[in-house]
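Accompanying notes for the structure given below.
We did not get these values from a lab; they are worked out from the coordinates using the rules stated. Since the structure is predicted, the reported quantities are computational estimates derived from the model, not experimental observations. Note that we place each Cβ from the backbone using ideal geometry, even for glycine, and neighbour counts take in every protein chain shown.
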Amino acid sequence: MLIVQKFGGTSVGTTERMRNVAARCLAAQREGHDVAVVVSAMSGETNRLLKLVAELHDDPNDREVDVIVSTGEQVSVGLVSLAIRKAGGKARSFLGHQVKIVTDSAFSRARILSIDSEPIREAMARVEIAVIAGFQGVDEQGNITTLGRGGSDTTGVAIAAALKADVCEIYTDVDGVYTTDPNTVPTARKIDRISYEEMLELASLGAKVLQIRSVELGMKYGVPIHVRSSFSDVPGTWVVPEEREMESVVVSGVTVARDEAKITVEDLPDTAGVAAKLFTPLAANNIVVDMIVQNQAWDGTTDLTFTVPQGDRKRALEILKKEVPDLVGFEGERTSCDDEICKISVVGVGMRSHAGVARKMFELLATERINIQLISTSEIKISCVIARKYAELALRVLHEGFALHLPPSERAAL
Ligand code: ADP
Ligand code: ASP
Ligand code: MG
């Protein structure tokens, strides 16, 4: 088999743990597999680098930030290669530009355009383990780029796709994908197999165990992803194409996302083109709007509420005030913001064929007197925006209410 093993920050958090990584990849090689390894920065390192940046500049140049934050992975690949050599194996480190992980030029959130897998194949032919830096790439002009937080997952799956690997193993500090974050809800249950589509929803709605883009790539190129613990040998979670039995599980997981802010614009004229006028300048400035709710007008005017990433909230308001002052007025007058929100979601492919999930979700939140501010749905998920102070309570109530602590076969009908 050809296996790509990706090790996250905790798994390479100390030199001792790097020895463990070396032992693991050499064991796979000894079993006769071809192995390539992708590593993250040591845990805490990327945050440390970002803090240094923030100490120096409140509006730093994107290109320079990527030069700085990509260094964590450079240290890891060197150290892990040394650990493999020390353990008697052959290894060679590769930075993003050395395996030509070419990306676009969107610094801090670049997308991979192509990978030259030749150097990795050549290393394999020499029974040498290629240890590749996660998170980083290079644009067509030769600038260093990074793939967004959690981006080493994406490097791992992209390398696996380029090599047509049999599996991409994601080694992390939990032993799989759970029904919700096991560090927040101790009764969370490990999921054995999950479809790409559900995993995509979980990842985009707050489960940071896999970066969204890595799941997209896995789905697009058919790479099976095995999320597992670097500290034990128990089987983890397989992320695979949808299987028929998965439909019988109505709700697979619950997530919370705390990184959004809500903007409300009141008294908008109820005429054609208003929404277009409001959202065009936001899109032109790359601000991703998530939930949008507009009320039916009753006196010729209407209100519109939407959410944006919290980090973009200030910029979004500035842009709106500059571009459409006639619509947004001043903050506090017609426009208001709320940063203290979170989005709580339930996800499951079984929702396609089962009614009643929304009703049950609303009921469960109501029993705790948690007010729902916004609602949005798709075929396989329901999301509610609520006050952030209720995030953990809501997570626990929904997890228990949908009986996610029980094996799927023992969960009662809705
Ligand atoms: P790594 O550094 O290995 O990439 P991350 O911190 O990025 O690890 O991701 C693993 C973490 O994801 C876990 O420690 C856990 O707290 C969190 N997490 C959130 N939601 C889930 C979930 N549904 N299942 C498993 N882990 C989750
Ligand atoms: N080191 C990067 C981060 O902390 C990438 C990763 O770990 O996946 O976000
Ligand atoms: Mg991660």
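Tell me the relative contact order for the chain as a rounded percent, counting alpha carbon contacts under 8 Å between residues six or more apart.
Taking the mean separation of contacting Cα pairs over the length of the chain, I get 13 percent.
May I ask you to list the trypsin sites (Lys or Arg not before Pro) in the range 32-126 that are in a DSSP loop and have at most 11 other Cβ atoms within 10 Å of their Cβ?
R126
Tell me, Kirkwood radius of the chain from alpha-carbon pair distances, in Å?
With all distinct Cα pairs of the chain included, I get 22.9 Å.
More than 18 angstrom separation, counting every C-alpha pair in the range 215-319; what % is that?
The calculated P(r) of the range 215-319 puts 67 percent of pairs beyond 18 Å.
Taking the Cα centre of the chain as the origin and placing charges on Cβ (Lys, Arg +1; Asp, Glu -1), which of L395, V35, G13 is farthest toward the positive end of the dipole?
Most positive-ward Cα: V35.
Taking 0.36 nm per residue of separation and subtracting the Cα-Cα distance, what length does fully extending S376 through A413 add?
Value of the extension gain: 11.0 nm.
Through the Karplus equation 6.51 cos²θ - 1.76 cosθ + 1.60, θ set to phi - 60°, convert the phi angles of the range 156-171 into ³J(HN,Hα) values in whole Hz; use x for Gly and Pro.
For the range 156-171, the Karplus curve yields x, 5, 5, 5, 4, 5, 5, 8, 6, 5, 6, 7, 10, 8, 9, 8 Hz.
Residue by residue, what Karplus-based ³J(HN,Hα) values in Hz, rounded to whole numbers, does the range 221-231 have, using 6.51, -1.76 and 1.60 with θ = phi - 60° and x for Gly and Pro?
Each residue of the range 221-231 in turn: 9, x, 8, x, 10, 10, 8, 8, 8, 7, 9 Hz.
Hull surface divided by four, with the convex hull built on the Cα atoms of the range 87-179: how many nm²?
One quarter of the hull surface, i.e. the mean projection, equals 7.3 nm².
Under 15 Å from a label point 7 Å along Cα→Cβ of K220: give me every residue in the range 93-119 with its amide N that close.
It comes to 101-106, 110-116, nothing else.
Below 8 Å between Cα atoms, with a sequence gap of 6+, how large is the relative contact order for the range 138-295 in percent?
The normalised contact order for the range 138-295 reaches 25 percent.
Want the number for A125 to T14: 0.36 nm per residue separation, take away the alpha-carbon distance, what's left?
Value of the extension gain: 37.0 nm.
For T280 and Q296, calculate 0.36 nm times their separation in residues minus their Cα-Cα distance, and state this gained length in nm to one decimal.
Length gained between T280 and Q296: 3.6 nm.
Evaluate the range 16-161: find the radius of gyration of its Cα atoms, find its Kirkwood radius, and give the ratio Rg to Rh.
Over the Cα atoms of the range 16-161, Rg/Rh equals 0.99.
For the range 179-255, count all C-alpha to C-alpha pairs, find those more than 21 Å apart, and express that count as a whole percent of the total.
23
Stokes-Einstein diffusion coefficient for the range 253-376 at 25 °C in a medium of 0.890 mPa s, Rh from the Kirkwood formula over Cα pairs: what value in µm²/s?
It comes out at roughly 153 µm²/s.
Specify the longest stretch of the chain that does not include any exposed loop site, a site being one of the chymotrypsin sites (Phe, Trp or Tyr not before Pro) with a non-H, G, I, E, B DSSP assignment and at most 10 other Cβ atoms within 10 Å.
Free of exposed loop sites, the longest segment is 1-297.
What trypsin sites (Lys or Arg not before Pro) does the range 277-383 have in DSSP loop regions with at most 10 other beta carbons within 10 Å?
R369
At most 15 other Cβ atoms within 10 Å and a DSSP loop assignment: could you name the GluC sites (Glu not before Pro) in the range 306-414 that fit?
Sparse-neighbourhood loop GluC sites (Glu not before Pro): E333, E340, E368, E379.
Working from the alpha-carbon coordinates of the range 364-414, get Rg over Rh, Rh being the Kirkwood radius.
1.00
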